[in-house]
1. So if each residue of separation counts as 0.36 nm, and I subtract the Cα-Cα distance between Leu236 and Ser115, what length gain in nm does that give?
2. Measuring from a point 7 Å past the Cα of Leu67 along Cα-to-C-beta, which residues in the stretch 39-53 have an amide N at less than 12 Å?
3. For the stretch 90-269, max minus min Cα coordinate along each principal axis, in Å, sorted largest first?
4. Using a 7 Å offset from the Cα along the Cα-to-Cβ direction at both Ala25 and Val155, what is the distance between the two label points in nm, to one decimal?
5. Quote the relative contact order of the stretch 90-269 in percent (integer), defining contacts as alpha-carbon pairs under 8 Å separated by 6+ residues.
6. Ordering Cys122, Cys143 by accessible area with a probe of 1.4 Å, largest first, what comes out?
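The values are calculated or read from the model by the stated rules, or taken from the named source; none is laboratory data. This structure is a prediction, so every number in the text was calculated from the model and none was measured. Here the Cβ positions follow ideal geometry from the backbone for every residue, glycine too, while neighbour counts run over all protein chains shown. Areas reflect the complete protein model, heavy atoms only, side chains present, ligands, DNA and RNA absent. Shrake-Rupley method; radii C 1.70, N 1.55, O 1.52, S 1.80 Å.
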Amino acid sequence: MGGLRPWARYGVLIVGHLLALGLGAMVFQALEEPPARRLQAELRAELAAFQAKYGACLPPGALEELLGTALATQAHGVSSLGNSSEASNWDLPSALLFTASILSTTGYGHMAPLSASGRAFCVVYAALGLPASLALVATLSHCLLPVLSCPGAWVAVHWQLSPARAALLQAVALGLLVASSFVLLPALVLWGLQGDSSLLGAIYFCFSSLSTIGLGDFLPSHSHSLHPVIYHVGQLALLGYLLLGLLAMLLAVEAFSRLPQVRAVEKFFRPCGPVTAADQGGILGQDELALSTLPPAASASEQVPAC
């Protein structure tokens, strides 16, 4: 494939992406269509049983109208289920979580502005806040990645690893650290606090939050066994988790994007042009992970880089 023209390489990339989309759609269809049909059949059975029992007391179409109104309000994060004396969905902790979901591009969809002025402010707030958030995360990742590369550099010198193997070891270690600290451990805590959820559901929520997918189908709910203060503290903790977890995820992605194998794939789809200094000096030659610049032979005390 090395002799392909640039437009042909882009065509291969687009076709591969479309094939991946089609394969994913078919897998999801095969996995999710049967339980969706079962759930639809159960719902129809429940509605039929309700109408058979109470249909004589209700005007025609009254139940459908009530359910339509309930579903429409539920789509905006307003629900009449449970205790009506509970705090509003737009109290300060909930509003902070909503703004964090906007700035982190998670967008759970569990809440939405109801008024025209709220929607207009949401547009302006996101237009101004998203670039600022991205700039903040990029600056922090640029400052933290060299610091996190110091242990990997020490291991590379101590074990006399090649730059490529050292970069792979560092990326894997950082990925495992992020997976354990920001996915597995929070999922265990959420699983312990949320009695009606499974461990897989908690892991699913954590990963969808950090990857900014934010489908909103699984959210920590207000358990009646929790004190309202504890619930609001949990909301604030979720706010910090979103911000710190997004930074950790971007650090891991950045570390993997600097691997020689990833750079080789990127270089394959790059337009043909003059050889740059980065290509002449090696893939890892101009970034913070350039372990090849470490002294090749020195005493044990001199080999440990100063971080």
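1. Gain on extension, Leu236 to Ser115, equals 41.1 nm.
2. 40-52
3. Extents along the principal axes, in whole Å: 58, 38, 27.
4. 4.1 nm
5. Over the stretch 90-269, the number comes to 35 percent.
6. Cys143, Cys122
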